[in-house]
Amino acid sequence: MRFLSPLALAVSVMLGVLVSAIIVLWLAVSQPSLGLDFSIPDGGRGLVIPAVDDPELAALSGARLVAIGAQGEPPIAITGKTLLEEPDKLNDGALIRGFREVQGRIHSLLSNSAVVLYWSRDGREGETTVEVYPTRPVTDLPLGFWAQLVTGAAGVMIGGWIWAQNPKRLSHIFLFLTGIGLQVSAFSAALYSGRELALSARSYEVLAPLNAGGALLFGAGLVGLFLRYPRPLAPAWASWLPLPLLCLPLAREIVVGGGNSVIYLHGPIVVALTAILISLVAQWIVARQDPVSRAALKVIALGVVMGAGGFVVTTTLPALLGLNSHVSQAHSFLLFLLVFGGVALAVRRYRFFDLEQWSYKLMFYIGGALVLILLDAFLVFALSVERQPAFGVALLVVTLGYLPLRDTLKDWVFKGRKDNLPLTHLVRAADGIALTRDRHKQEDLWRDLLQREFSALSVDPATPSGATVALVEDEGAAMIIPAVPPLAEVRLRWKDLGRRLFSSRDAEKAQDIVTILTQMVEARQAFVAGMNEERERITRDMHDNIGIRLTTALSQSDVANKNDLIRETFSDIRKILSHSDNGTPSLGDILADLRVELTGYLDAQGIAFDWPLHDHSDQCPSPGVAHALRSMLRESVHNAARHSGADCVQVGIEIGDADFRVSVSDTGRGHGASGAVEVPSIGEGGNGLANLRRRVADVGGQVAITQHEGQGFTIIATLPFTARYSGNEHSDDAVSRD
């Protein structure tokens, strides 16, 4: 097997299942057929013949078949036992041999080209000759045949696929043997339980041992599996003992005979189920400190109790008690898929963190179905109620009784679980974390919130994985909580103090908490950023506008002019603090006011001011542009007066259609080189030039600073009439600056 890949092994198993299914289907359709349907009546003799499509056989529609014969041969009586699904239910060797003998005689009659059907209806008896077809159409095979075929094929394919992943692992081997047993039992049962009327006695001699052997192999495989999985309860060699012990009575039956199915089939099945339950209880005790193993046991136990237990209740137990089963054995085979599916998921350890959640949901649905079946059977067999009224009463009880109580039962089952924190508490806790400034305290609050919500044994820092959503790891033993900057990624281990595993529902809940906290943190950061930006704006405005106005006012000898400048300064301060504006004057008015203001300022400094008078545009710049223009001129003139040592400052204005250019030059000493001068970036050097650059750039303008050696600086700003803000700036309507 080491030379075959898992895929090759799995494909080989699938091909084997396909070939065996085709053989079973070929055997089923190779039987002679009358082309009629038969059903067992609730009372009376014979078999019921439902409606017949062939007009020539109209007399048989609704009649009861009481005997079958052929020309020149005595008729054979037909009873309800003729269609008995499972002959082993007779539990008596003589009865089983008698059944097979009658079946063989009927099958011999069907080898003729035509047979005579003896029927009765409404007290009237008759006989009709019917042609016998050499084969049976595929469409004539009953639903029970297909149910058993699908059950057997699905079981062995699931088991084979898991076995192919690790062919040497003992638990995988036992699971595969269990699937093979299910296939052998289901396929053989499909042939004789899906027959039209009869099979040969020889067929039963082959199919009955195969059916019994497959059922016992299924049971022995489960016992061996649970002796080793999820925790080893016995040595590896001991896990093989159930196979010969359970199959020994069947081997004796094949060799010696006797025909008592209680001894070689039903009894060993009950023993196997008991051993399975004992093994599961022992596994539960051994795995009390292992949540992962307990999660596997929960889904296994659910599948065994609902699947195997349901089959025993509906099929095996009635056979042991000599009662007629109200549920078709062919349909009961589907219950084994519950057993096999649960065990396969557990052995494969597929999404353990969700198995518990699925198992509880499945338990309530299957519980309702079992209540319906058992109540229906009780009404039919114990109280002798007719089948249809009994089913209606059972359905009504389940609808009005079980389903409304299902939520109460769920609360009772989950009563030991801790309630999650209400949403309002989560939001309040997340808000407290976001508002906390101390980093260490913030991390402590975050871990406390996660621990309270999930009752994890540990909440530890995790190695950064780049996860963006909450993830369940280690088969549900751990859960990763993504980073929420500035909080780092953390790992939670063992939910509910180690009693349960994390599930996908827990991951969704954790992600909701992360989303809430992220929004709180982002809101806090946005608030702080907005507050800092507003502080910077006020600082720039105070630096660029208020300082020069106060300096100008202090230099005035005329008290009236000084008072006017101080009042205007206070007005500017109010506008800066309230961020308001009462409208923007025209460009000409703005420049005229600035010319008067700056002339007084430079006169007080003893510096000449060269600003020729020109006719300026009546166009009104937007508020942001007007504010940038005032700030640029005030800051440029103020810098020239304080730092350049100039004796003259010149201002020039050039107005275009969509923009205008303002230049400020001084005759100062410069910095010793000629050419372009780099404007400092925001946060570099002094605030003056950086603020100037930012203000002009914010409205979509450009700034250039140059100098000629020994001749001072020239600052040129090109501004649009209408501000062109970037995406993160305010609109003109929202901006109001002086």
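The values are calculated or read from the model by the stated rules, or taken from the named source; none is laboratory data. Only a predicted model underlies this, so the values are computations on that prediction, with no experimental measurement involved. Because the Cβ atoms are built from the backbone with ideal geometry, glycine has one as well, and the counts that use them run over all protein chains shown. Heads up: the accessible areas ignore ligands, DNA and RNA and are worked out on the full protein's heavy atoms, side chains in. Shrake-Rupley method; radii C 1.70, N 1.55, O 1.52, S 1.80 Å.
Taking a sphere under 9 Å around the Cβ of Ser33 and counting the other residues whose Cβ falls inside, with K and R at +1 and D and E at -1, yields a net charge of -1. Annotation note: chymotrypsin sites (Phe, Trp or Tyr not before Pro) in the range 1-56 located in DSSP loop regions with a Cβ neighbour count of at most 16 within 10 Å are Phe3.
In this structure, the pairs whose alpha-carbon distance is over 32 Å, taken from Lys168/Lys298; Lys441/Lys495; Lys298/Lys441; Lys298/Lys509, are Lys298/Lys441.
Using 0.36 nm per residue and subtracting the Cα-Cα separation, the extra length available between Ser30 and Val206 on full extension is 61.7 nm. In this label model, Cys648 and Val393 are separated by 12.1 nm, measuring between points 7 Å along each Cα→Cβ vector. The accessible surface of the range 166-260, taken with every protein chain in place and a 1.4 Å probe, is 68 percent carbon and sulfur. Taking all protein chains into account, the per residue accessible area for the range 1-81 stands at 58 Å² (1.4 Å probe).
Converting phi to 3J(HN,Hα) with the Karplus coefficients 6.51, -1.76 and 1.60 and the offset θ = phi - 60°, the range 511-527 yields 5, 4, 5, 4, 5, 4, 5, 4, 5, 5, 5, 5, 5, 5, 5, 5, 5 Hz in sequence order, with x at every glycine or proline.
Keeping the other protein chains in place, figure out the carbon and sulfur percent of the accessible area of the range 1-61, with a 1.4 Å probe. Carbon and sulfur together cover 67 percent of it.
Using the 1.4 Å probe convention, the accessible area of the range 122-195 works out to 42 Å² per residue with neighbouring protein chains retained. Using the Cβ-Cβ distance between Asp474 and Leu248 with R0 set to 56 Å, the FRET efficiency from 1/(1 + (r/R0)^6) comes to roughly 0.85. Here the spin labels are modelled as points 7 Å beyond Cα on the Cα-Cβ line, and at Ser617 and Arg428 they lie 5.9 nm apart. Note down the net charge around Cys648, summing +1 for each Lys or Arg and -1 for each Asp or Glu among other residues with Cβ under 14 Å from its Cβ. Computed value for this residue: -3. For the range 40-85, the equivalent ellipsoid derived from the Cα gyration tensor has semi-axes of 18, 17, 8 Å, listed largest first. Our summary of shape: the Cα atoms of the range 106-256 have principal axis extents of 68, 36, 29 Å, ordered from largest down, in whole angstrom. Computed over protein heavy atoms with a 1.4 Å probe, the accessible surface of the range 197-239 works out to 33 Å² per residue. If R0 is taken as 25 Å, the Cβ-Cβ distance between Val270 and Leu143 corresponds to a FRET efficiency of 0.35. If the segment from Thr463 to Ile22 were pulled out straight at 0.36 nm per residue, it would be longer than the present Cα-Cα gap by 153.3 nm. Label separation (Asp92 vs Leu233): 3.8 nm, computed from points 7 Å beyond Cα along the C-beta direction.
For a quick check of your reading of the filter: which trypsin sites (Lys or Arg not before Pro) in the range 166-205 sit in a DSSP loop and have no more than 16 other Cβ atoms within 10 Å? In loop regions of the range 166-205 (DSSP not H, G, I, E or B), the sparsely surrounded trypsin sites (Lys or Arg not before Pro) are Lys168, Arg169. With the convex hull drawn around the C-alpha atoms of the range 203-305, the volume per residue stands at 90 Å³.
Please work out, to two decimal places, the log10 of the ratio I(q)/I(0) at q = 0.30 Å⁻¹ from a Debye calculation in which every Cα of the range 430-471 carries one identical scatterer. Relative scattering, expressed as log10 I(q)/I(0), comes to -1.09.
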